[in-house]
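Structure first, commentary second.
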Amino acid sequence: MRIEPFRLERYFAAHEFKVRYVLSASDCESMSLAELLEMASPEAALLWQGLRLGYTESQGHPRLREEIAAVYESVAPEGVVVAAPEEAIFIAMHALLEPGDHVVVQTPAYQSLHEVPRAIGCELTLWPLEAGAHGWRLDLGRLEHSLTERTRMVVVNFPHNPSGAMATRGELDAIVALTASRGAWLFSDEMYRLLEHDPADRLLAVADLYEKGISLSGLSKAFGLPGLRIGWLAARDPALPARWLALKDYTTICSSAPSEVLAIAALGTRDRILARNLAIVRANVTEAESFFAAHADHFDWLAPRAGSVAFPRWRGEGTADRLCAGLLDSRGVLLIPGSLFQAPGHVRIGLGRRDLPEGLARLGEYLSSAF
Ligand SMILES: Cc1ncc(COP(=O)(O)O)c(C=O)c1O
């Protein structure tokens with residue numbers, strides 16, 4: 001298999017652990033093991049105390065799959081496969097796609113959502129989100145025209161990374177109907193779900209909406225627990241888990257035993273964790289709104305509606321890449337240029353970390369000194 005380097009992940013690998021401020025993280029502020037255990041139910045605390053470090057069930061701990069299934073309306077624990085989120089994208093697409101299949105992918109996107117099908121040998125059509133003056137728009141007509149008789153899969157991501165855009169319920173229904181009209185799979189990356197800034201914007205999971213829908217989710221973003229490396233695929237089609245597990249045997253075989261138990265603890269107290277993280281994101285959105293309003297000559301803010309990232313447009317002199325390189329060199333602040341998402345002209349801001357005000361203050365200083 002020939003696969004392109006993952007540009008965003010390589011950029012993070014080069015800088016994330018050296019800089020003073022990561023102003024572009026997509027995850028929420030993580031918590032310590034002690035904090036998580038302090039919130040754990042008595043049952044989860046007992047599981048942790050009695051934890052044995054053997055291999056685990058390939059599909060995922062049965063209690064964990066029960067907790068995951070409870071997030072959905074119509075997915076059974078048997079319809080869940082636990083895997084690291086990135087691994088889940090890899091095995092789901094390898095199980096379902098063949099060279100020559102046509103795949104439509106919403107863009108800009110987390111690179112594996114288009115690069116994995118491309119590496120399989122699929123023919124891709126990109127379906128771009130459109131940046132308006134103040135926010136993001138979906139062009140459903142364009143999606144309709146992208147579909148062909150050979151379309152095997154449509155790939156979407158709401159809440160969206162990098163923009164924080166959301167579909168409305170009506171738009172998601174239309175996406176499902178268009179995908180179903182071709183009998184295609186709908187792969188829905190829902191890593192940022194449950195972090196809608198207004199809970200009324202929450203969409204049903206695609207696995208609940210469509211019999212050929214696949215929902216990818218996990219604990220890395222909305223839960224702020226990326227170090228657990230726990231995610232999952234959820235679907236109603238009873239044939240899918242076996243197909244995914246046949247590939248997981250070649251990636252990790254099973255997930256980490258401590259991580260699975262900690263994931264049971266996290267999901268068992270999910271309302272508390274999500275409320276904590278949503279409070280951080282909401283405070284940061286307010287902070288970012290006033291920062292970008294004060295720097296409207298340099299940026300168009302493009303308000304996010306959900307999740308923990310935003311993708312403002314750079315209006316200043318020179319490229320967004322130059323802005324990010326200068327900010328990194330002179331202030332030790334990591335800001336992701338949109339070119340890493342094949343969307344030059346934007347920068348990605350992370351809204352989930354408590355030190356956002358300090359990072360923005362340094363960005364402000366840099367703007368005054370360099371532009
Ligand atoms: C949209 C999206 N999907 C999947 C992933 C992969 O998650 P993880 O890094 O936990 O494997 C990410 C991570 O940034 C993401 O933003």
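The values are calculated or read from the model by the stated rules, or taken from the named source; none is laboratory data. The shown structure was predicted, so the numbers you read here are calculated from the model rather than taken from an experiment. Because the Cβ atoms are built from the backbone with ideal geometry, glycine has one as well, and the counts that use them run over all protein chains shown. Surface areas here come from the heavy atoms of the whole protein model, side chains and all, with no ligands, DNA or RNA. Shrake-Rupley method; radii C 1.70, N 1.55, O 1.52, S 1.80 Å.
Could you list, in sequence order, all residues of segment 280-318 that are within 19 Å of the chain's Cα centre (by Cα) and either surrounded by fewer than 19 Cβ atoms within 10 Å (Cβ to Cβ) or β-branched (Val, Ile, Thr) (or both)? Residues satisfying the conditions are 280, 281, 282, 285, 303, 309.
Does segment 216-226 contain any residue that is within 16 Å of the ligand (Cβ to nearest atom), assigned to a helix (DSSP H, G or I) and more than 14 Å from the chain's Cα centre (by Cα)? Checking segment 216-226: not a single residue is within 16 Å of the ligand (Cβ to nearest atom), assigned to a helix (DSSP H, G or I) and more than 14 Å from the chain's Cα centre (by Cα).
Among residues belonging to segment 188-215 that are hydrophobic (A, V, I, L, M, F, W, C) and closer than 19 Å to residue 353 by Cα, point out the one that is farthest from the ligand (Cβ to nearest atom). It would help to see each step written out before you state the result.
Step one: filter segment 188-215 for residues hydrophobic (A, V, I, L, M, F, W, C), giving 191, 194-195, 200, 203-207, 209, 214.
Remaining after also requiring closer than 19 Å to residue 353 by Cα: 191, 194-195.
Numbers: 191: 4, 194: 14, 195: 12 Å.
That would be 194.
Taken together, the residues in segment 35-60 that are open to solvent by 70 Å² or more (accessible area, probe 1.4 Å), in a helix (DSSP H, G or I) and among the hydrophobic types (A, V, I, L, M, F, W, C) amount to 1.
May I ask you to verify whether residue 272 is of a type outside the set (Val, Ile, Thr), open to solvent by 30 Å² or more (accessible area, probe 1.4 Å) and within 21 Å of residue 364 (Cα to Cα)? Spelling it out, it is not the case that residue 272 is of a type outside the set (Val, Ile, Thr), open to solvent by 30 Å² or more (accessible area, probe 1.4 Å) and within 21 Å of residue 364 (Cα to Cα). Take the residues in segment 248-264 that are surrounded by fewer than 19 Cβ atoms within 10 Å (Cβ to Cβ) and away from the ligand (no atom under 16 Å from the Cβ), then tell me which one is nearest to residue 54 (Cα to Cα). So the residue we want is 257.
Residue-by-condition table, conditions (1) in contact with a Cys (Cβ under 8 Å, 6 or more places away or on another chain); (2) outside any loop (DSSP other than H, G, I, E, B); (3) within 16 Å of the ligand (Cβ to nearest atom); (4) farther than 18 Å from residue 3 by Cβ:
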| residue | (1), (2), (3), (4) |
| --- | --- |
| 99 | yes, no, no, no |
| 105 | no, yes, yes, no |
| 109 | no, no, yes, no |
| 116 | no, yes, yes, no |
| 126 | no, yes, yes, no |
| 148 | no, no, no, yes |
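Restricting attention to segment 88-97, the residues that are more than 13 Å from the chain's Cα centre (by Cα) and within 16 Å of the ligand (Cβ to nearest atom) add up to 5.
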